[in-house]
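Undergrad: My questions all concern the structure below.
The values are calculated or read from the model by the stated rules, or taken from the named source; none is laboratory data. Bear in mind the structure is a predicted one, so any value in this text is a computation, not a measurement. So basically every Cβ, Gly included, is an ideal-geometry build from the backbone, and we count neighbours across all protein chains shown.
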Amino acid sequence: MAISGNDGGRSLLPGAAAVVLVTVFLIILLRVENQKAIIALLALGIGAVIAANRLGLLKPVAHSFSEREDALGLLAIVATFAVGAVFHEDHFVLLLVCTVVLYTVATLGLSIQFGYAGVLNFAGASFFGIGAYTAAVLSQHTAVPHLLVLLIGGLMAALIGSLLLLPVLRTRGHYAAVVTIAFALLFKTFLEVNDVLGGPQGLQVRGMTILGWSFNDNIEIGGVELSFYLNYFVMSMMIVVLAFVVVRRLERSWIGLNLDALRLDETAAGCFGLNIVRWKITAFLLGNSLIGVAGTLHGMVVGFVQPNNYTFADSLVLVSILLLGGIGNPWGVAVATVIVVIVPEKLQVIQEYRFFLYAALVMMVLLFRPEGLLPRPVRRYFPGWRP
Amino acid sequence: MDLGLVAQYTMNGLMLGMMYALVAVGFTLFFGVLDVIKFSHGDVLTVGAFTALASFIGLQSIGLSSDAVELLAMLVAALGAMALLGAFIARAFILPLRSAPALNTLLITLMLGTVLREAVRLFYPDGANPKPFPRLLPADSINIGNFNLRLDNAILLTAGALVIVGLQLLLNRTKLGLAIRAVAQDEETAKTMGVNFNAIVLITFAIGSALAAFAGLMNGLYYNEINFGIGLYLGVVGFSAAIIGGLGSIYGAILGGFLFAGLQTIGAVALPFASAYKDVFAFAVVIALMAWRPTGLIPEKLSERV
C-alpha cells in the first residue's frame, strides 16, 4: 500500500466507519434498559471486535487513526455531541457521558505521568478528589467565579501533589509506588476524620454559574426541554478537547521525546544531558493539574463530594483504564474509559463487583496482552513516515 | 506520666511492632529471592485472618468447643491455606512475568491484592462489615501497679517472637534455609550448584504468606475484630517497615517493624489530636521516611547496577 500524506479518502474511511459504528453501538447501548438485552449487546460488541481483529479489519482502522488523526478527532467530537443530542433530555445518560468525558481527562493526566515520563501515581482518585473538594469549599464559602474555580482546582491538585515531589523524585519503581499508595490511603482517612471538610458525609457542591448562566437550570429552546446536564456536557467536552490537544502536542514535541527517553532509561537520559528532575516534576504536576481540573468539574456535576468516592480502589480503577487502553495512547484511554465507566452503570448486576472485575481484567491483560487493547503506536517523526 | 501507662503503651507498641515485623519479613523474603515486591502481601494477610475465622465458625457448627483445639485448627487452616495461596500466586502470576518490565509485576500484584480484598468483601458472608473475632486465649490479667499485663497479649507476643526465632533457625541452620539464602544472593550460581530455583521460590512464597497469615491471626486475636481492609493497611505499613530496614535484610525488616510501631506509639502519645488522626499520621510517617531515606536506614545489599 502506498503511504503518503495525501492518500486522503482511502485512509480516512476505515477510521470514520469505526467511529460511526462505535457511536451507533453506544447510543443503542445507552438507550436499552432491559438487562438481558444489554448483556446480549455487550456480547455482540465483544464478538464483533474479536471477529474484526481476526479478519484483519482493525489494522486499517489503526492506520487511518495515525494518518488522519485531526479529521478523525473532529469526527469523534461530532459523534460525542451526537450522543449528547440524542439524549438531550435524559439526565442519567448525560450524567454518565459527562463522567466518561471527565474520567478521560483525568486518565489523560495520568498517562502523562505513567505513559510518558514513567512517574508512578497510584493516587489518581485522590487528586481528582482534591479538585472536587476545592470546588465544594470555594463554591460554598466564596464568590470566586466558577471558571476560575476550575483553574484553582487544578492548581490545588498540583500544589498538594508537589508535597509528594520530594519522595517521588528520590524514589524509583516500587518505592515510588508505595509513596503514592500511602498518600491515597492518607487522603481518604484524612477526609473521613476531618470535620471541617464534612467528615464521612462529605459536602454539597453548588452548581456552576458562568456570567449569570446557571448550569443547574434546565434549558428551553423553542419549546424543547433540554436537560441541565447538557451545560456540563458542553463544558466537559471543551475541557477534554483541550486536554487531548495538549497531551497530543506534548507527546509529539521535544518535551514528549525527553519524557520518553526518561521513561525508557533514566540513566542514559541523564547521561545525554536531560534534566531528569525537571521533566519528572513537569510531568507529575501537569498530570495532577489535569486530574484536578477534571475532578473540580466532576464535583460540580455530581453536586456533592464524599470520601468514599475517592478511595484507593478508585485510583486503581483509573490505572486500570490506562492499562486496558494501552499506556500512552490517548485514543486507547478514551475507549477504555467508555468501557470501564459505562458497562457497570448499565449492567446493574456487576455494579457491586466492579473493582473486583476490573482488577481481574487488568491481571488478564498483563498476563496475555501487556500492551493494552490499543497499543501506543511507534512515534512518527515525519508525516507519512513509517518505521 | 506514670509508669503503668508507659508500660501499657510499650505493650501496645510491641504488639503492633510484632505484626509489622511479621509482614515486613515476608516482603523482605520475596524481595530476596526474586527481587520483586508483592503488593498483594497485605491482602493475603486479610484472607488468612478470614480463613481462620471461617474455620472457627466451621468448628463451632460441628459442636467443638475446646479453645485450644479450635485455636490450633485455625492456625493450621490459616497458615496452610495461605502457604498454598502464596505458592500459587508465585507460580501463576509472578514467575511468568519475570522477563516483563518490573512495572508489570508491580501492577499485577497490586491488582491481585484488589481481587483478594474485594473477594473477601463480596463473597464472605456480610464481608463488607467488620466481623467479630473470637477471644480464644485466656483473658486473665496480672496487675503490676497500674499496669495490667493481659495474659493473651503476653502469649501473642511470645508466639510472635518464637515464630521469628524459628524463621531465623530455618534460614540459618537448615539446608532449605541455605538454599533460600543462596538463591537470594545469586540466582545463577545457586542454579549451577544444583538448587531447584522454582521450588525454592515457591517455598519462600509459601513461608512468607504463612507468616502473613500468622500476623492476620494475631491481629484478629488482639483486636477481636477483623475487616477486609486490615491487609491493605498492614501491607503498606509492613512494606514501609521493610524498606526502612533495608529490603532483603531479615533483621532490618524486624527492626523496621518495631521502629515504625515505636514512632506510631510515640506519635499517639505526643500529639493530642492523634487519636482521630492515628492512621493519617502513620501514612504521613511512611511518606516522610521515604523522602528522607528512599532506600531505608540500612541500604540494600547491592546498589543498583547500571
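Undergrad: Please go through (1) more than 14 Å from chain A (Cβ to nearest Cβ); (2) under 24 Å from B:Leu157 (Cβ atoms) for B:Ala241 and return the number of the only condition it doesn't satisfy.
TA: B:Ala241 satisfies all of (1) more than 14 Å from chain A (Cβ to nearest Cβ); (2) under 24 Å from B:Leu157 (Cβ atoms) except (1).
Undergrad: Can you name the residue in the range A:165-183 that is more than 7 Å from chain B (Cβ to nearest Cβ) and surrounded by 20 or more Cβ atoms within 10 Å (Cβ to Cβ) and, of all such residues, is farthest from A:Thr267 (Cα to Cα)?
TA: From the range A:165-183, those more than 7 Å from chain B (Cβ to nearest Cβ) are A:165, A:168-169, A:172, A:176, A:180; that's our starting set.
Checking which are surrounded by 20 or more Cβ atoms within 10 Å (Cβ to Cβ) leaves us with A:168, A:176, A:180.
Working: A:Val168: 17, A:Ala176: 17, A:Thr180: 23 Å.
Restricting to residues being more than 7 Å from chain B (Cβ to nearest Cβ) and surrounded by 20 or more Cβ atoms within 10 Å (Cβ to Cβ), the top hit is A:Thr180.
Undergrad: Still on this structure: Kindly provide the set of residues from the range A:314-352 that are part of a helix (DSSP H, G or I), of a type in the set (Val, Ile, Thr), crowded, with 20+ Cβ neighbours inside 10 Å and within 14 Å of chain B (Cβ to nearest Cβ), ordered by number.
TA: Correct list: A:Val317, A:Val319, A:Ile321, A:Val340.
Each row is one residue, and each column tells you yes or no for (1) surrounded by fewer than 17 Cβ atoms within 10 Å (Cβ to Cβ); (2) on the phi < 0 side of the Ramachandran plot.
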site: B:Leu116; (1), (2): no, yes
site: B:Phe123; (1), (2): yes, yes
site: B:Asp126; (1), (2): yes, no
site: B:Arg135; (1), (2): yes, yes
site: B:Asn143; (1), (2): yes, yes
site: B:Leu149; (1), (2): yes, yes
site: B:Leu162; (1), (2): yes, yes
site: B:Leu167; (1), (2): no, yes
site: B:Ala179; (1), (2): no, yes
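Undergrad: Of all residues being of a type outside the set (A, V, I, L, M, F, W, C) and within 20 Å of the chain's Cα centre (by Cα) in the range B:73-104, which is surrounded by the most Cβ atoms within 10 Å (Cβ to Cβ)? Just the residue, please. Quick ask: steps written out before the conclusion?
TA: So the first thing to find is which residues in the range B:73-104 are of a type outside the set (A, V, I, L, M, F, W, C), and the list is B:80, B:86, B:91, B:96, B:98-99, B:101, B:104.
Now drop any that are not within 20 Å of the chain's Cα centre (by Cα), which leaves B:80, B:86.
Details: B:Gly80: 14, B:Gly86: 29.
Selected residue: B:Gly86.
Undergrad: Right, another one. Which numbered condition in (1) touching a strand residue (DSSP E or B) at 6+ places or on another chain (Cβ under 8 Å); (2) at pLDDT below 90 is the only one that B:Leu171 fails?
TA: Of everything listed in (1) touching a strand residue (DSSP E or B) at 6+ places or on another chain (Cβ under 8 Å); (2) at pLDDT below 90, B:Leu171 misses just condition (1).
Undergrad: Let me ask something else. Can you name the residue in the range A:353-379 that is more than 7 Å from chain B (Cβ to nearest Cβ) and within 18 Å of B:Leu116 (Cα to Cα) and is also surrounded by the most Cβ atoms within 10 Å (Cβ to Cβ) among such residues? It would help to see each step written out before you state the result.
TA: Taking the range A:353-379 and keeping what is more than 7 Å from chain B (Cβ to nearest Cβ), we get A:354, A:357-358, A:361, A:364-365, A:368-369, A:371-379.
Next cut, within 18 Å of B:Leu116 (Cα to Cα) only: A:354, A:357-358, A:361, A:364-365.
Values: A:Arg354: 19, A:Leu357: 17, A:Tyr358: 27, A:Leu361: 17, A:Met364: 12, A:Val365: 22.
Residue satisfying both the conditions and the ranking: A:Tyr358.
Undergrad: Select from the range B:18-42 the residues that are more than 18 Å from B:Gly166 (Cβ to Cβ) and modelled with pLDDT under 85 and write down the one among them that is nearest to the chain's Cα centre (by Cα).
TA: My answer is B:Ile37.
Undergrad: State yes or no: is B:Leu45 hydrophobic (A, V, I, L, M, F, W, C), surrounded by 20 or more Cβ atoms within 10 Å (Cβ to Cβ) and within 17 Å of B:Phe214 (Cα to Cα)? Let's see the steps before the verdict.
TA: Working: hydrophobic (A, V, I, L, M, F, W, C): yes; surrounded by 20 or more Cβ atoms within 10 Å (Cβ to Cβ): yes; within 17 Å of B:Phe214 (Cα to Cα): yes.
Criteria met by B:Leu45.
Undergrad: Look through A:Leu274, A:Leu290 and report the one residue that is outside any helix (DSSP H, G or I) and more than 14 Å from chain B (Cβ to nearest Cβ).
TA: Values: A:Leu290 fails: outside any helix (DSSP H, G or I).
Exactly one residue qualifies, and that residue is A:Leu274.
Undergrad: What are the residues in the range A:178-206 that are among the small types (Gly, Ala, Ser) and in contact with a helix residue (DSSP H, G or I) (Cβ under 6 Å, 6 or more places away or on another chain), if any? Don't jump to the end; show me each part of the working.
TA: So in the range A:178-206, the residues among the small types (Gly, Ala, Ser) come out as A:182, A:184, A:198-199, A:202.
Answer for the range A:178-206, where residues must be among the small types (Gly, Ala, Ser) and in contact with a helix residue (DSSP H, G or I) (Cβ under 6 Å, 6 or more places away or on another chain): A:Ala182, A:Ala184.
Undergrad: Is at least one residue of the range B:1-17 modelled with pLDDT of 85 or more, touching a Gly at 6+ places or on another chain (Cβ under 7 Å) and over 26 Å from B:Ala128 (Cα atoms)?
TA: Within the range B:1-17, one or more residues are modelled with pLDDT of 85 or more, touching a Gly at 6+ places or on another chain (Cβ under 7 Å) and over 26 Å from B:Ala128 (Cα atoms).
Undergrad: Among the residues of the range A:138-150, write down those that are surrounded by fewer than 19 Cβ atoms within 10 Å (Cβ to Cβ) and touching a residue at least 60 places away in the same chain (Cβ under 8 Å).
TA: Across the range A:138-150, the qualifying residues are A:Gln140, A:Pro145, A:Leu147.
Undergrad: Give A:Arg249, A:Arg263 a once-over and let me know the one that is surrounded by 16 or more Cβ atoms within 10 Å (Cβ to Cβ) and at pLDDT below 90. Give the steps one after another, and end with the answer.
TA: Working: A:Arg249 fails: surrounded by 16 or more Cβ atoms within 10 Å (Cβ to Cβ).
Answer to the check: A:Arg263.
Undergrad: Can you name every residue in the range A:184-197 that is more than 7 Å from every other protein chain (Cβ to nearest Cβ), free of Cβ contacts under 8 Å to residues at least 40 places away in the same chain and either closer than 16 Å to A:Leu163 by Cβ or not aliphatic (A, V, I, L, M) (or both)?
TA: Here is the first cut: in the range A:184-197, the ones more than 7 Å from every other protein chain (Cβ to nearest Cβ) are A:184, A:187-188, A:191-192, A:194-197.
Still in the running and free of Cβ contacts under 8 Å to residues at least 40 places away in the same chain: A:194-196.
Within the range A:184-197, A:Asn194, A:Asp195 meet the criteria.
Undergrad: If you check A:Phe25 against the conditions, is it within 30 Å of A:Met238 (Cα to Cα) and modelled with pLDDT under 85? First the steps, then the outcome.
TA: Working: within 30 Å of A:Met238 (Cα to Cα): yes; modelled with pLDDT under 85: no.
Considered against the rule, which asks whether it is within 30 Å of A:Met238 (Cα to Cα) and modelled with pLDDT under 85, A:Phe25 comes out as no.
Undergrad: Just to be sure I understand the filter: pairs with C-beta atoms under 9 Å, separated by 6 or more residues or on different chains, first member in the range B:71-82 and more than 13 Å from B:Gly220 (Cβ to Cβ), second member of a type outside the set (Phe, Trp, Tyr) and outside any helix (DSSP H, G or I). Which pairs pass?
TA: That search, which allows pairs on different chains as well, returns B:Ala73/B:Leu64.
Undergrad: Could you name every one of the helices (runs of 4 or more DSSP H) located completely within the range B:171-279 that has at least 3 residues being within 28 Å of B:Arg117 (Cα to Cα) and in contact with a Ser or Thr (Cβ under 8 Å, 6 or more places away or on another chain)? Break it down into steps so the answer makes sense when it comes.
TA: On the way: elements: B:175-185, B:187-192, B:197-223, B:230-244, B:250-270.
Counting at least 3 such residues, we get B:230-244, B:250-270.
Undergrad: Hey, another quick one. Name every residue in the range A:38-57 that is of a type outside the set (Val, Ile, Thr), surrounded by 13 or more Cβ atoms within 10 Å (Cβ to Cβ) and not in a loop (DSSP other than H, G, I, E, B), in order of residue number.
TA: Residues of the range A:38-57 of a type outside the set (Val, Ile, Thr): A:40-45, A:47-48, A:51-57.
Pick out the ones that are also surrounded by 13 or more Cβ atoms within 10 Å (Cβ to Cβ) and you get A:41-42, A:44-45, A:48, A:52, A:57.
Hits for the range A:38-57 are A:Leu41, A:Leu42, A:Leu44, A:Gly45, A:Ala48, A:Ala52.
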